[in-house]
Structures are given as structure tokens and as C-alpha cells.
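The values are calculated or read from the model by the stated rules, or taken from the named source; none is laboratory data. All figures in this text were calculated on a predicted structure; none of them were measured in a lab. Counting neighbours? That spans all protein chains shown, and the Cβs are built from the backbone with ideal geometry, glycine included.
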Amino acid sequence: MTIDNNTPEKESNWLSILGRSLRQDLLPVLTNLKLAIILLLVIAAFSITGTVIEQGQSGIFYQSNYPENPALFGFITWKFILFTGLDHVYRTWWFLALLILFGTSLTACTFTRQLPTLKAARRWKFYEQPKQFQKLALSAEFDNASLNSLPEILKKRKYQVFQEEDKSNILYARKGLVGRIGPIVVHIGIVVTLLGSIFGAMTGFIAQEMVPSGETFQINNIIDAGPLAAKVPKDWSVHVNRFWIDYTPSGGIDQFYSAMSVLDAQGKEVDSKTIFVNQPLRYKGVTFYQTDWGISGVKVQINNSPIFQLPMAPLETNGKGRIWGTWIPTKPDLSEGAALLAKDLQGMVLIYDAKGQLADTVRTGMSTQVNGVTVKLLDVIGSTGLQIKADPGIPIVYAGFAILMSGVVMSYFSHSQVWALQTGDRLYVGGKTNRAQVAFEREILEVLDLLSSSSIDNIASSDKSLLPNV
């Protein structure tokens, strides 16, 4: 006779042992308050890192700004940033793992602690022995008193009063049960926020575009995208109607703007907005931020030639500012020319002749003689630097934040409880609360004063020679 070791009973036993092991070993770790605090601090630290270190830039950018010698704080170099993923913190596997672990910890705490606490708070709990009132921080005893007036006094103070029909000598009252629900709602809000962040990191993308004024573009330069990111929309495009910069009287940049139009597949405008820093354009879940600017080209005329639009390229200045330059031919065979340099969009351009000498400084609309020809500067064309983001998780994050704030407000309500027991002519009253202890004590003292006054009136109406001893 053979025995089958894989019987349903054995499988059930293994599952039971596994479940018991998870409850006994894993749950205490997940619900540990110290673990939750450590995870929260680590997440906050890496979030700050992602704010300080520029995200989604090119490798050349990090090599220029985070060199190996000298290394920032002795160890933060471009190699370290790229190796650890600090150039895209919010999409790294380890950051997402931290969010999942923190959310799991909150969920476990909710089911093992918060929900049982709420369930216990909802139970009617009567005190039927005088000694039970001794453990309350606030209690009182009355001689020759009755609790008949107590329910009405408590109801006027928004208490929910419970009494059993066959036991009219005992009473339980409570208010502020919403305060017990608040922490659960806070946990739900945090978990929803974390889910929104994870969903956004998995499905969103970031792109960057440098677009000359007057040009139309579609999103192409994706620099970072989640593994589940949707395809970049191709059924609409964006036209930069105009780009301009406002300067301060001292010549510094005050603000730069881009007037933009969203065009459908037929080239019809479906949306438009003038964007600037902290005022983006949003369309179909894609957000266009104004983040940078540049000079894309100049329009010039040589003698009576047609108008040329020449591109300008940024030049290396070793960190001494930004400058763009181009070269224009002054002879038909291209054997001689002049260099044009510009540092901003205020219209001033420096012109250097074939010998490298400064020939003149001109502004838009002005002409000058260079290498024996007349060069007229017609326009300096700016380009707008855009950061483009798609984050489908943002609505979920906002919803989670709204739930979180609601839970915080709910948590400020005190859960107050009052018990009363009458044995013969002796009345016991006591209560406790989970917060705002001083205000609760003041309220209970007012209730006791009213109860005492009511008892005196009742006794006086039956026998004016009797007075209660409180």
C-alpha cells in the first residue's frame, strides 16, 4: 500500500502553517511603528535628493556639473549619480520598492490595529459595578441622586446615549467617534497617494524640446519614461507663436514667455496659452513647462541680397555666461566672411570681420560695413526651452491628498465616553477622552453641576429638608 504525501489535508496543513508564520513573524515587523518612521524618513530623504539633483538630464550635463574632482561631499560624482539612478530617482526600482513597503506597512497597521480599535470603540460598554468607576481619571459620586435627567443633559452636548430597557439604572454615552475613524482615513489617503505616485512613475514620461519662435513641433525628445508609458501622442502638435523675454532696467532677465497654440491633425487651433515659469500649458494629460531659452538664429541681408535666416549655436565660455554665434559669407565664393555674436534677445549683435577684429555693434534694423559689404541685421530669433511631462498618476495623488487632509481634520475630534450607574440612592458618573483632556474635564464638571442642580430641585420638590451630599 502506497501513501500519497500530496494529499489535500497535507496541502491544507502547509498553507495553515505558512499563514500562521506570516501572522506571527512578518506582521509584527510590518506593523512596527519604528519601521514606518524609518521608511518615511528614507523616502523623504531621497525625495529631497531628487529635488536637489536635476532629474532627467543628459550624461554630458552631469559630467559638467558633478565632476569627479572635486566630488560633491567627497563622493557624489556623475558616475555615482548615473550608477545609483539619482538622475531619475522617482522611477528607480529601489525607490518604488520603498513606496510599496511603506504602503504595505500602513495597510497592515490599518487592518491589525486601527480597524480593531474602531470596532472596539463602536461597542456599547456598560459599567455595572461601582469599582469600575475607580479606574476612570474623572468620576464623581452623588448621594440621593437620580440619573433620570442625565440623558437629556448629555444629548444637548451632542452625546449619543445608550440605555437598555430592562436596565434603566445604567447608562453609556459617547461622541466624536469620527475621531477614531480619522487615523484610518489618514492611512487610506497615504496609501492612495503612494499608489498614484507608483502609477505615475510606471506610466508617465518626460521630454525636452528647444523650439524656435514661429515653429511647430511634436513631442520627440523623450529623456525618461516608465516601463508602461503610453505612446507619445502624434495626432496633435504645438505651434510656438512667439517667444520673448522681459528684461529688468539693469539688463537682467525678469521673465520669459512663450505664446503657444495646440493644433489638431488638420492644423486647427484647439487650445492656446501664454506660458511662463510656474504657469504651464496642459492638454490631454500632457503639461508643457517653460524652463529655458536660447537664440536659434538671426535674419540678415547682405547688400541687396534676399533675406538669410542663419542658425546660431551656443559657444563654450568656460562658465562665464551664455553666448551664441554664427558665420555669414561676405563673398560669393565663401572665401571670406564675418562672425556674429549675441548674448541675449535685446537685439544687440557684435560683428567681427575676417581678421577677427570687432567691426561694429548693431541692433535690430541697423546696418554696418563689414569686409566691403553692407550687412543689415533684421531680427534675432529666440527659442523656447520646454520640459514636457505626462503623469497619469497626478489625479490619484490629488485624490489621496484630499483624503489625507480629510482624515487629519477628522482626527482632531475627541472621542469622549461617559458612564453612569445608579445603585439605590447612590449615583456614580465618570468619563474619559482620548484627547483635549482639559476641555473634557471642563465639560464633565458642567454636566455634574447641572446634574447636581437637577437632583436638588427634584429632592426639594418632594422634601425641602433634604439636600444631596456631592
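Quick check on the stretch 397-456: of everything there that is outside any helix (DSSP H, G or I) and among the aromatic types (Phe, Trp, Tyr), which residue is surrounded by the most Cβ atoms within 10 Å (Cβ to Cβ)?
Ranking the candidates gives TYR428 first.
Going by what's in this entry, would VAL240 be described as crowded, with 16+ Cβ neighbours inside 10 Å, within 22 Å of VAL270 (Cα to Cα) and not assigned by TED's automatic domain parsing to the domain that holds MET312?
When the stated conditions are applied, VAL240 passes them.
Picking from VAL300, VAL286, which residue would you name as being surrounded by 15 or more Cβ atoms within 10 Å (Cβ to Cβ) and not assigned by TED's automatic domain parsing to the domain that holds VAL211?
That would be VAL300, the only listed residue that is surrounded by 15 or more Cβ atoms within 10 Å (Cβ to Cβ) and not assigned by TED's automatic domain parsing to the domain that holds VAL211.
Answer yes if at least one residue in the stretch 327-342 is under 41 Å from the mean Cα position of the chain (by Cα) and β-branched (Val, Ile, Thr), and no otherwise.
Within the stretch 327-342 (the criterion being under 41 Å from the mean Cα position of the chain (by Cα) and β-branched (Val, Ile, Thr)), the answer is no, since none of the residues qualifies.
Go through the stretch 409-446 and give me each residue that's out of contact with any Leu (no Cβ under 7 Å at 6 or more places or on another chain) and β-branched (Val, Ile, Thr).
Across the stretch 409-446, the qualifying residues are VAL409, THR423, THR433, VAL438.
Go through ALA145, ALA173, ALA140 for me and flag whichever is outside any strand (DSSP E or B), under 20 Å from LEU451 (Cβ atoms) and in contact (Cβ under 8 Å) with a residue 40 or more places away in the chain.
ALA145
Can you tell me which of (1) more than 20 Å from TYR247 (Cα to Cα); (2) modelled with pLDDT under 90 is the one ILE351 doesn't meet?
Going through the list (1) more than 20 Å from TYR247 (Cα to Cα); (2) modelled with pLDDT under 90, ILE351 breaks only (2).
Out of contact with any Cys (no Cβ under 6 Å at 6 or more places or on another chain) and either free of Cβ contacts under 8 Å to residues at least 12 places away in the same chain or among the basic types (Lys, Arg) (or both): which single residue out of VAL42, VAL52 fits that description?
VAL52
Sort out which residues of the stretch 221-237 are surrounded by 14 or more Cβ atoms within 10 Å (Cβ to Cβ) and of a type in the set (Asp, Glu), and write them in order of number.
Across the stretch 221-237, the qualifying residue is only ASP224.
Within the stretch 344-364, can you find the residues that are on the phi > 0 side of the Ramachandran plot and either assigned by TED's automatic domain parsing to the domain that holds PRO233 or in contact with a Lys or Arg (Cβ under 8 Å, 6 or more places away or on another chain) (or both)?
Across the stretch 344-364, the qualifying residue is only GLY347.
Looking at the stretch 60-103 only, could you name the residues that are surrounded by 18 or more Cβ atoms within 10 Å (Cβ to Cβ), in contact with a helix residue (DSSP H, G or I) (Cβ under 8 Å, 6 or more places away or on another chain) and farther than 26 Å from LYS34 by Cβ?
TYR62, TYR66, TRP78, ILE81, LEU86, ASP87, ARG91
As an exercise: evaluate ALA313 against (1) under 25 Å from GLY214 (Cβ atoms); (2) surrounded by 14 or more Cβ atoms within 10 Å (Cβ to Cβ) and give the number of the one condition it does not meet.
(2)
Considering LYS125, LYS156, LYS167, which residue is of a type in the set (Lys, Arg) and modelled with pLDDT of 90 or more?
Criteria check complete, one pass: LYS156.
With (1) surrounded by fewer than 19 Cβ atoms within 10 Å (Cβ to Cβ); (2) out of contact with any helix residue (DSSP H, G or I) (no Cβ under 6 Å at 6 or more places or on another chain) as the list, and PHE205 as the residue in question, which single condition is left unmet?
So the condition that PHE205 fails would be (1).
Tell me whether the stretch 381-401 contains one or more residues that are at pLDDT 90 or above and under 26 Å from ARG157 (Cα atoms).
no
Restricting to helices (runs of 4 or more DSSP H) lying wholly in the stretch 1-100: which have 2 or more residues that are modelled with pLDDT under 85 and under 30 Å from ASN318 (Cβ atoms)?
59-65
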